[in-house]
Amino acid sequence: MSNKENNRDNTQYLTIKEEKAIARENKKIMTQFEREKNRKNVDESEYTTQMRNPSNVIEFDNLHTYFYTDVGVNKAVNGVSFVVPEGKIVGIVGESGCGKSVTSLSAMQLVQGPVGQIVDGSIRYTTSEGKCYDIAKMPRDEMRRIRGKEISMIFQEPMTSLNPVFKIGEQLDEALEIYNENLSASEIKARSIEMLELVGIADPENIYSNYPHELSGGMRQRVMIAMALICEPRLIIADEPTTALDVTIQAQILDLLLEVKDSIKGSIMLITHDLGVIANMADYVVVMYAGKIVEAGEINDIFKNPKHPYTVGLMRSLPSLSNIENQEKLFSIPGQVPNAVNLPDYCYFCNRCDYSFDACYESYPEDILFEDGHRAACFLYADRFKDLDLNRPQLPKNIASSSDDQFARKIPQGRVDFESINNPKEKL
Amino acid sequence: MKKENSNENFVEVRHLKKYFPAGLKGTTRQYVKAVDDVSFSIKKGTTMGLVGESGCGKTTVGRTMLRLYPITAGEVFFDGVKINDLSRRDLRKMRPRMQMIFQDPYSSLSPRMPVGEIIGEAVREHNIVPKEDLDNYVSDIMNACGLPYRYSRRYPHEFSGGQRQRICIARAVALKPDFIICDEPVSALDVSIQAQIINLLQNLQEEFGYTYLFISHDLSVVEYISDTIGVMYLGSMVEYGDKKSIFKHPMHPYTQALLSAVPIPDPDHKMNRVILEGDIPSPINPPSGCKFRTRCEYASDICSKIKPEFNNYLDGHEHEVACHLYPQDHQEQRVIS
């Protein structure tokens, strides 16, 4: 109980003296990391490795990305391992601040330095030339050959990620110019316009010479997608691609993403906090909480048979469109995400968890493997506690069995036959 | 605890219009028709949800109702009082009874005021409680909203998004209002926090009998919290009625498209999405006739000529829709040139 009390109040104050000491210490560490990254003429063997499984596009292995802030070390990504198989969509879900964006930025080497640093672990990636690199150890200059061309990113806010002072066309051309030096200006323009057409922009020639502010939110996001796809990357990282958009536009963009993924034969890492989007798009799901993966597995395992109490809580806290009939009180996970600067050495979720027991306050749970690569980090399923009489989370029926027709909503299209609703003859 | 005795409408909006001038002064004045002829009513103790895409005028409806914007045309009644005609002094007396919770908890709290002061300021201004009871009152309100009183000396930046939204709710609730407009109160929050805030709003409603206008673009949240729903498109209401009826038989093609676009968190769910083509048209020159016709796959000639009228087609349901797919009244057909 005392643990619970202590954790609820996460904000702690530091004196200026303490802060200065931390800053001094951080500076030492950061300069060392920066020096490492800025080295010239590094031998390639230093950052070439082998993939565990050649059918994967990218493998994250025990990745640690820390931010050395003046109030302490923020462990934004704290030991994350997962893979993205070729041609698949991997969804990463979690609350804001759980490290899902930092994971993807690490894969692009775009973590804001010198404060943010990849401290430990590796990110293995095979280029289209067949060389396998460890992105975590790659020098900055070498990374430019991969970033944008092999791995590209669609950012969250189309409003802020496009440069307002350049025309759409110029911004699209830039990426091509850098990676294809032998193309002529007219060829580049033709390719850019073709790309705009591919992402479903009507009248691409006009849009090519427009400025970003002249476009609507959906159009800007399409331009962002065109920009990400223009070099035909093998891996697209989509960081909340639809969060700023309306549902109707979101549906358009998600369909577009599925289409282009097939046309360039790429894989997608889809980062979102919307479980509905994940359910419709992803093949594999990774659930993150406070910088660690709490559960990962195939889409059906996660949605039909979630194990970790956090995943179950997330599912239950959704006001679902498909269960209009049983209006019970919405489930909510109490409390808040712990402060990433002062993480406890036991399970990060236990003080919000309804099922926690003594062991949860002693050490961080190891990954427990279930069938077919489904894993969860929770003591409830550990072998050594198998015999304990613990109450394990139960999914409400409507989620566990929503494939039944009774819960699936059928939305009529076009004219509703209101006469038959008023006089339901057939039922009698 | 919903009051059953009062059948009359607590809040009523009739033909509300709000135009914003656009373009330079001196040139021919054009107007952004942000809200164009919207009517609805809310019964005491119930919640009405207002849904629609961004830019359809949902927020403007809410703000115009409170006269945060001057009303261009139309009438707003609140508990039998016509809001349009109130003098500034009378309006100020009404203000505590009508409160608003804003969308973004990050920008709607003054960063230079401690939380206790934020919540207590308006209470003091409107003399809700005697001066000496103010601290106790603020403490009660904070507890009711799930904020420990020891936080009252802290500043907004020390709180997380969910807690800030609780502060916004506490600020609105502290004035003992009857009617609260919630303008996208959960869209900036995470799923697990979103559920906490929705539950808080519902508990407060059960305890104090508030009437809510719940503005959101998230249909699943609106479905959960509302009793009646209005669907807006480009400044106009296209469908309005009882929640169950709207979600069971959405009649307007726009409502159908909106509902089908919501991703269902279930991998087995068969998607039969109606994907709308294109973007929402400019509200400066909205399409003639039915405003939705430019994106509607069922549009015919009549849609561009005649503005469809609101009609109720379902017996026993409060459910009105304005669409030419359904027979229109023959009384008068206004032809729009």
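How crowded by other chains is A:94-103, given as the mean number of beta carbons from other chains within 10 Å of each beta carbon? Intermediate values should be presented prior to the final figure.
Working: counts 2, 6, 6, 3, 1, 0, 0, 0, 0, 0.
What the average comes to for A:94-103 is 2.
Kirkwood Rh, the range B:79-236, all Cα pairs: how many Å? Mind showing how you got there, number by number?
On the way: mean 1/r = 0.0607 Å⁻¹.
That comes to 16.5 Å for the range B:79-236.
Hey, any idea what the orientation-averaged projected area of the convex hull of the range B:272-319's Cα atoms comes to, in nm²?
Working: hull surface 20.0 nm².
Over every viewing direction, the Cα hull of the range B:272-319 projects on average to 5.0 nm².
Taking a Cβ-Cβ separation under 4.7 Å as the criterion for a possible partner, which cysteines of chain A have none?
A:98, A:132, A:231, A:353, A:378
Report, largest value first, the span of the C-alpha coordinates of chain B along each principal axis, in whole Å.
Largest first, chain B extends 67, 56, 46 Å along its Cα principal axes.
So, in Å, what gap is there between the alpha-carbon centers of the range A:224-266 and the range B:237-269?
Between the Cα centre of the range A:224-266 and that of the range B:237-269, the gap is 25 Å.
If Lys and Arg each add +1 and Asp and Glu each add -1, what is the summed charge of the other residues whose beta carbon sits under 12 Å from the beta carbon of residue A:33? Before the final figure, lay out each step's value.
Numbers: positive: A:27, A:28, A:35, A:37, A:39, A:137, A:140; negative: A:34, A:36, A:120.
Residues near residue A:33 contribute +4 overall.
In 10 Å bins starting at 0, how do the alpha-carbon pair distances of the range B:1-157 split up by percent?
The percentages, shortest bin first, are 9, 28, 31, 25, 7, 1.
Can you tell me the FRET efficiency between residue B:136 and residue B:94 if r is taken as the Cβ-Cβ distance and R0 is 25 Å, rounded to the nearest 0.05? Could you put the intermediate results ahead of the total?
Values: r = 26 Å, r/R0 = 1.05.
That pair, residue B:136 with residue B:94, gives E of 0.45.
Just for chain B, what percent of DSSP beta bridges are antiparallel, to the closest 5?
Working: 30 of 47 bridges.
If we restrict to bridges inside chain B, about 65 percent are antiparallel.
Got the relative contact order for chain A handy, in percent, Cα pairs under 8 Å and 6 or more residues apart?
On the way: 693 pairs, mean separation 71.7, N = 428.
Here the relative contact order equals 17 percent.
If you wrap a convex hull around the C-alpha atoms of the range A:98-156 and split its volume per residue, what is the figure in Å³? Walk me through the intermediate numbers first.
Working: hull volume 5.6 nm³, N = 59.
Dividing the Cα hull volume of the range A:98-156 by its residues yields 94 Å³.
Relative contact order (percent) for the range A:144-250, with alpha-carbon contacts under 8 angstrom and 6 or more residues of separation? Let's see the in-between values first.
Values: 137 pairs, mean separation 51.3, N = 107.
Relative contact order comes out at 48 percent.
Determine the relative contact order of the range B:1-157: mean sequence separation of Cα pairs under 8 Å and six or more apart, normalised by residue count, in whole percent. The partial results should precede the final answer.
Values: 189 pairs, mean separation 30.7, N = 157.
The normalised contact order for the range B:1-157 reaches 20 percent.
If a paramagnetic tag sat 7 Å from the Cα of residue A:127 along the Cα-Cβ line, which residues of the range A:145-162 would have the backbone N under 14 Å from that point?
Under cut-off, by backbone N: A:145-151.
Taking the convex hull of the Cα atoms, report for the range A:7-74 its projected area averaged over all directions, in nm².
Values: hull surface 31.5 nm².
The number I arrive at for the range A:7-74 is 7.9 nm².
Over the range B:250-328, with the other protein chains present, what is the accessible area per residue in square angstrom, probe 1.4 angstrom?
Values: 3320 Å² over 79 residues.
Result: 42 Å² of accessible area for each residue.
Could you tell me how far the Cα centroid of the range A:267-303 sits from the Cα centroid of the range B:49-113, in Å?
With the range B:49-113 and the range A:267-303 each reduced to a Cα centre, they are spaced 39 Å.
What ranking, highest mean first, results for peptides A:218-230, B:109-121, B:186-198, A:34-46 when packing means the other Cβ atoms within 10 Å averaged over each residue? Don't jump to the answer; show the numbers that get you there.
Details: A:218-230: 24.6, B:109-121: 17.4, B:186-198: 23.1, A:34-46: 10.7.
Answer by packing, highest mean first, reads A:218-230, B:186-198, B:109-121, A:34-46.
Rg/Rh for the range A:205-252: what does it come to with C-alpha atoms and Rh from Kirkwood? Working shown, then result.
Working: Rg = 11.7 Å, Rh = 11.9 Å.
Rg/Rh: 0.99.
Assuming 1.306 mPa s and 10 °C, estimate D for the range B:188-337 with Stokes-Einstein, Rh taken as the Kirkwood radius over Cα pairs, in µm²/s. Don't skip to the end; give the middle numbers.
Values: Rh = 17.4 Å.
Reported coefficient: 91 µm²/s.
Return the tail of the calculated pair distribution for the protein assembly as shown, meaning the percent of Cα-Cα pairs more than 33 Å apart. Provide the component values of the computation, followed by the final result.
Details: 167731 of 292230 pairs.
Across the protein assembly as shown, Cα pairs with separations above 33 Å total 57 percent.
Once the piece of chain linking residue A:203 and residue A:110 is laid out straight, how much longer is it, given 0.36 nm per residue of separation minus the C-alpha distance between them? Walk me through the numbers on the way to the answer.
On the way: separation 93, 0.36 × 93 = 33.48 nm, distance 3.36 nm.
Gain in length upon complete extension: 30.1 nm.
P(r) tail for the range A:80-232, what percent of Cα pairs lie past 27 Å? Walk me through the numbers on the way to the answer.
Numbers: 3641 of 11628 pairs.
Across the range A:80-232, Cα pairs with separations above 27 Å total 31 percent.
In terms of the ratio Rg/(2.2 N^0.38 Å) built on C-alpha atoms, what value belongs to the range A:143-186? Please report the intermediate quantities before stating the final value.
Working: Rg = 12.0 Å, N = 44, 2.2 N^0.38 = 9.3 Å.
Normalised Rg, Cα atoms only: 1.29.
Rounded to the nearest 0.05, what FRET efficiency is calculated for residue B:312 and residue B:110 with R0 set to 51 Å and r the Cβ-Cβ distance? Working shown, then result.
Details: r = 46 Å, r/R0 = 0.90.
Once rounded, the FRET efficiency stands at 0.65.
222 nm [θ] for chain B, helices only, -39500 (n - 2.57) per DSSP H run of 4+, per residue, to 500? Before the final figure, lay out each step's value.
Numbers: 10 runs with 95 residues, N = 337.
Mean residue ellipticity at 222 nm (helix-derived): -8000 deg cm²/dmol.
In Å² (nearest 100), what accessible area is buried between B and A, both sides summed, heavy protein atoms only, 1.4 Å probe? Spell out each step's value before the answer.
Values: alone 17620 and 23110 Å², together 35160 Å².
Interface between B and A: roughly 5600 Å².
Rg/Rh for the range A:25-161 to two decimals, with Rh computed the Kirkwood way over all alpha-carbon pairs.
Numbers: Rg = 15.0 Å, Rh = 15.7 Å.
So for the range A:25-161, dividing Rg by the Kirkwood Rh gives 0.95.
Let me make sure I get this right: for the range B:19-109, a, b and c are the square roots of the gyration tensor eigenvalues over alpha carbons, sorted descending. Under 1.5 in a/c it's rounded, otherwise prolate if a/b > b/c, else oblate. Which is it?
prolate
Given a 1.4 Å probe and every protein chain left where it sits, what share in percent of the accessible area of the protein assembly as shown is carbon and sulfur?
Values: 16610 of 35160 Å².
It is 47 percent, rounded to a whole number.
Pop a pseudo-label 7 angstrom from the Cα along the beta-carbon direction at both residue A:41 and residue A:27 and give the gap in nm to one decimal.
In this crude spin-label approximation the distance works out to 3.1 nm.
Please calculate how many Å² of accessible area chain A carries per residue, with a 1.4 Å probe and no DNA, RNA or ligand atoms counted. Write out the running numbers ahead of the final one.
Working: 20280 Å² over 428 residues.
Heavy-atom SASA per residue in chain A reads 47 Å².
Looking only at the protein assembly as shown, where both bridge partners belong to it, what percent of the DSSP beta bridges are antiparallel (to the nearest 5)? Walk me through the numbers before you get to the answer.
On the way: 63 of 98 bridges.
Roughly 65 percent of the beta bridges in the protein assembly as shown run antiparallel, per DSSP.
For chain A, how big is the tail of P(r) above 41 Å, as a whole percent of Cα pairs? Don't jump to the answer; show the numbers that get you there.
Working: 21818 of 91378 pairs.
When every Cα pair of chain A is considered, 24 percent fall beyond 41 Å.
How far is the Cα center of the range A:7-71 from the Cα center of the range A:106-147, in Å?
Each part's Cα centre sits 13 Å from the other's.
Using DSSP, restrict attention to beta bridges with both residues in chain A and report what percent are antiparallel, rounded to the nearest 5. Show your work: numbers first, answer last.
On the way: 33 of 51 bridges.
Bridges in chain A that DSSP calls antiparallel: roughly 65 percent.
Convex hull over the Cα atoms of the range A:268-324, averaged projected area in nm²?
Numbers: hull surface 16.3 nm².
For the range A:268-324, the mean projected area of the Cα convex hull comes to 4.1 nm².
With a cut-off of 15 Å, note down the residues of the range A:58-78 whose backbone N falls inside the zone around a label point 7 Å from the Cα of residue A:34 toward its beta carbon.
A:68-70
Round to the nearest 0.05 the FRET efficiency obtained for residue B:84 and residue A:96 when R0 = 45 Å and r is the Cβ-Cβ distance. Spell out each step's value before the answer.
Numbers: r = 42 Å, r/R0 = 0.92.
Between residue B:84 and residue A:96 the formula returns 0.60.
What Kirkwood hydrodynamic radius do you get for the range B:105-178 when you take the inverse of the mean 1/r over all pairs of distinct Cα atoms, in Å? Can you show the working numbers first?
On the way: mean 1/r = 0.0832 Å⁻¹.
It works out to 12.0 Å.
The values are calculated or read from the model by the stated rules, or taken from the named source; none is laboratory data. Not measured: the values here are computed from a predicted model. FYI the Cβ positions are ideal-geometry reconstructions off the backbone, even for glycines, and counts take in every protein chain you see. Accessible surface is based on the protein model in full, side chains and every heavy atom, while ligands, DNA and RNA are left aside. Shrake-Rupley method; radii C 1.70, N 1.55, O 1.52, S 1.80 Å.
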